[in-house]
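What follows is a set of notes on a single structure, which appears directly below.
The values are calculated or read from the model by the stated rules, or taken from the named source; none is laboratory data. Bear in mind that the values here come from a model prediction, so they are computed numbers and not experimental data. Here the Cβ positions follow ideal geometry from the backbone for every residue, glycine too, while neighbour counts run over all protein chains shown.
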Amino acid sequence: MKYAAPRGTKDILPDEAPLWQAIERACRETFGLFNYREIRTPVFESTEVFSRSIGDSTDIVSKEMYTFADRKGRSLTLRPEATASVVRAALENNLLSTDNLLKVYYLGPMFRYERPQAGRQRQFHQAGVEAFGSADPSLDAETVQLSVKLFENLGLKELAVDLNSVGCPECQPVFREALKKYFAAHLAELCDDCRQRFAANPLRLLDCKEARCQKYIEQAPAMIDHLDPECQAHFAKVRGWLDGLKVKYRVNDRLVRGLDYYTRTVFEVVSKQLGAQNAVCGGGRYDNLVKQFGGKSVPAIGFAVGLERLAEIMGKSKVKSQKSKVDLFIAVLGEQAKKVAFDLMSQARDLGLSADTDFLGRSLSAQLKAADRLGAGYVYIIGDDELAKRSAALKNMKTAEQKEVPFAELFTQFAGECGKGCSCEE
RNA sequence: GUGGGUGUAGCUCAACUGGUUAGAGCACCAGAUUGUGGAUCUGGGGGUUGGGAGUUCAAGUCUCCUCACUCACCCCA
């Protein structure tokens, strides 16, 4: 084999496409219920759009971006996530203001240069929402509720919502120092990775999986105990609203998110049915990002859902979408019969019926076999005799019954046969 | 970027400590049925054993390199 899809990419084949369509449909519908409207941004942007927003020190920016120079030497990057693009687009098109709310959603491929593993690819798909213009805790709660609602609409269970607050630019640095102070005393006992984290990003110390680090992590200070009064009040209100909405969640004071722009509320939805990469949805508030981009100070919140991970769970949960079926297959014997078939198929398709015929010159027996495999509802059999009398047998593939129907009356008969008009798609 | 596992037909897997022409099931195609699908029977097409180099009289099997897949770490959806 000479060609293969690039490492970390996948073909979505006809058999699995219906599952993807179902997922995308559910996303659009659910987002719509919460009054989000779609926004489509380019899959690549100026590199600075990402490096300046996601954070230069994050792994995404420092080692995972697909960055290239175009023919004029401009540095462009395939989007590793969509929030930065959406902020750029909203600012560029004057969609943001401090006294109006903007709710937008997106759906599409993202790109990160990582080592592939279960639930992780180099090209993957996310659906997400972003709401701009309100710092109100009720919006945080609605956003979490929306993610939960989406999974409910997809029929998924065994999911859990983790919630935390990472504070704001005032209180987070204080907590960071407290953490460093605490871990400094145990530095020698920690794993290599944690010693790295200590220097680069102390918050990450909290979600180390190494057993030897666990006992120190358990005793470590928690962000929620170090929130300033405003952040603390905000977090309490978010929880209040969530309780009011009867959304189940657990406070996870070890939840840390990897993007620099998050403030206050962060959350994740995790599934037990996935491997190590078990987050199907992650998000949070980012009240300073718009300002950082050079806009006004517009608070915002959003989340992203990993569609491959969703598809993975749905495959396991046997939430299967039905196979596509062809309503009418026309079996033909000879060139003349095929001409008639082509004419009839045109009519069928004008009526909204899916139709197909033989293109391989197969025997009648083989054509019926093919029709059977296509899940054809009916087969219309045209040979020389039929051409002469301009009438042929219409066979019901379920009951195996067949009856003589003139060419001219095929579709009136057909409508009667399959019942309700001609909508046999169901 | 780091570590482990795996690469044999479209798919799932065989092939004793290296030994003749690499097999089976499923799937596919054809015929039995010269014009009637699902079942059955018969036959058939399919492979550079991921690729390359090496050891050997002899390599699917052993060694090295490489590529891919996979799982985990880092990190993230």
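Observations, loosely collected:
- Looking only at the range A:319-354, and only at residues there that are polar (S, T, N, Q) and modelled with pLDDT under 95, the one that is nearest to RNA strand B (Cβ to nearest atom): A:Gln336
- Failed item, numbered, when A:Phe183 is tested on (1) out of contact with any strand residue (DSSP E or B) (no Cβ under 7 Å at 6 or more places or on another chain); (2) in contact (Cβ under 8 Å) with a residue 40 or more places away in the chain: (2)
- Qualifying residue in the range A:275-288 (condition: in the same structural domain as A:Gln145 (by TED's automatic domain parsing), of a type outside the set (D, E, K, R) and more than 24 Å from the chain's Cα centre (by Cα)): yes
- Among the conditions (1) closer than 30 Å to A:Leu146 by Cβ; (2) within 12 Å of RNA strand B (Cβ to nearest atom); (3) surrounded by fewer than 12 Cβ atoms within 10 Å (Cβ to Cβ), the only one that A:Gly244 does not satisfy is (2).
- The range A:355-377 residues that are more than 7 Å from RNA strand B (Cβ to nearest atom), paired with ones that are polar (S, T, N, Q) (beta carbon under 6 Å, 6 or more apart): A:Asp358/A:Gln367
- Filtered by the rule that a residue be within 15 Å of RNA strand B (Cβ to nearest atom), over 28 Å from A:Thr67 (Cβ atoms) and under 15 Å from the mean Cα position of the chain (by Cα), the range A:1-19 gives a lone residue, A:Glu16.
- Test for A:Phe124: is it hydrophobic (A, V, I, L, M, F, W, C), farther than 24 Å from A:Ala300 by Cα and within 14 Å of RNA strand B (Cβ to nearest atom): yes
- Test: residue in the range A:80-91 that is more than 17 Å from A:Tyr286 (Cα to Cα) and more than 10 Å from RNA strand B (Cβ to nearest atom): no
- Test: residue in the range A:317-334 that is part of a helix (DSSP H, G or I) and surrounded by fewer than 18 Cβ atoms within 10 Å (Cβ to Cβ): no
- Checked against (1) in contact (Cβ under 8 Å) with a residue 60 or more places away in the chain; (2) within 14 Å of RNA strand B (Cβ to nearest atom); (3) out of contact with any Leu (no Cβ under 7 Å at 6 or more places or on another chain); (4) farther than 18 Å from A:Gln292 by Cβ, A:Met110 passes all but condition (1).
- Residue within the range A:86-94 that is surrounded by 13 or more Cβ atoms within 10 Å (Cβ to Cβ), of a type in the set (S, T, N, Q) and modelled with pLDDT of 95 or more present: no
- Some residue of the range A:131-145 being buried (at least 20 other Cβ atoms within 10 Å of the Cβ), closer than 19 Å to A:Thr41 by Cβ and of a type outside the set (Gly, Ala, Ser): yes
- Residue list for the range A:33-63, filter: under 16 Å from A:Gln126 (Cβ atoms) and at pLDDT 90 or above: A:Tyr36, A:Glu38, A:Ile39, A:Arg40, A:Thr41, A:Pro42, A:Val43, A:Phe44, A:Glu45, A:Phe50
- Among the residues making up the range A:328-354, those that are closer than 15 Å to A:Arg373 by Cα and without any contact (Cβ under 8 Å) to a residue 60 or more places away in the chain are A:Phe329, A:Ile330, A:Ala331.
- Count - residues of the range A:247-271 that are among the polar types (S, T, N, Q) and part of a loop (DSSP other than H, G, I, E, B): 1
- Residue count for the range A:179-208, restricted to those that are within 11 Å of RNA strand B (Cβ to nearest atom) and not in a loop (DSSP other than H, G, I, E, B): 13
- Listed by first and then second residue, the pairs with beta-carbon distance under 6 Å, at least 6 apart or on different chains, first residue in the range A:252-269 and at positive phi, second at pLDDT 90 or above and of a type outside the set (Gly, Ala, Ser), are A:Arg264/A:Cys231; A:Arg264/A:His234; A:Arg264/A:Arg285.
- Only listed residue being among the aliphatic types (A, V, I, L, M), surrounded by fewer than 17 Cβ atoms within 10 Å (Cβ to Cβ), more than 30 Å from A:Ala141 (Cβ to Cβ) and not assigned by TED's automatic domain parsing to the domain that holds A:Asn288, chosen from A:Ala69, A:Ala5: A:Ala5
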